[in-house]
Amino acid sequence: MIVVHQPAPPASARTKPDPPQDPHVCPFTLAVDTRAQAPWTFTDIAIGGKRWLVKRQVQTLATGDYSIVGCEDRIVIERKSPADFTATISAGNARFRAEFERMQEILHYGEGLGHFCCVIVEGCMATICDDLDDTTSGRRITSDVVIGWCASWPRRYGVPVFFAGDRRHAELLAFRLLWKWWDEVGEGQQGGA
């Protein structure tokens, strides 16, 4: 075995490692509904190579699970786990319909003003459908119901539904949607339309 040792570079040529980057404070405070079960924490968020410290305020939201403090009537995100999503579009249909009607009202009221509402599912539609079509699952709802619902409700109410793949990607998508809305529409509007 031959080992070659490189001479150490002169002290002037050595570079110090970059110090850990301090997080930047997010320009808005997230509103998290008091009823949100296992809410997202919005930690380890990075945008544009910068780490962001995200402030959260737990409060009762009239619609959805997440918003921006002071803008609750203009931006709404409803979070659904895969199990909650399938239960909601079947047995909980009336409650979810009311939620969609409230989101539709927000969009209608803010037409042309950039109001935004959506549902983010912490799962993949293909996986949800495959699980539902598994004959050993014993579920009464099928993939056909999920696909039919996804084809009709977003069109009917104007509220998009995003299947983010998993919990972490759903959280990151939610933050980016809130961030983009704040950057493009909400900044400076906090507290009033």
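General observations
- Carbon and sulfur %, accessible surface of the chain computed with the full protein complex present, 1.4 Å: 54 percent
- Exposure ranking of Tyr109, Tyr66 by accessible area [1.4 Å probe, largest first]: Tyr109, Tyr66
- Three semi-axes describe the equivalent ellipsoid of segment 82-162; taken as square roots of 5 times the Cα gyration tensor eigenvalues and ordered largest first, they are 27, 12, 9 Å.
- In order along segment 140-155, the phi-based Karplus estimate (6.51 cos²θ - 1.76 cosθ + 1.60, θ = phi - 60°) of 3J(HN,Hα) comes to 8, 7, 10, 4, 4, 5, 4, 5, x, 4, 5, 7, 9, 5, x, 5 Hz; Gly and Pro are listed as x.
- Per residue, the chain exposes an accessible area of 58 Å² to a 1.4 Å probe, with every protein chain left in place.
- Under a Gaussian network description of the chain, with springs only between Cα atoms under 10 Å, the residue in Val76, Val121, Val54 that fluctuates furthest is Val54.
- The orientation-averaged projected area of the convex hull spanned by the Cα atoms of the chain comes to 18.7 nm².
The values are calculated or read from the model by the stated rules, or taken from the named source; none is laboratory data. Since the model is a prediction, treat every value here as computed from it, not as a measurement. For accessibility, only protein heavy atoms count, side chains too; no ligands or nucleic acids. Shrake-Rupley method; radii C 1.70, N 1.55, O 1.52, S 1.80 Å.
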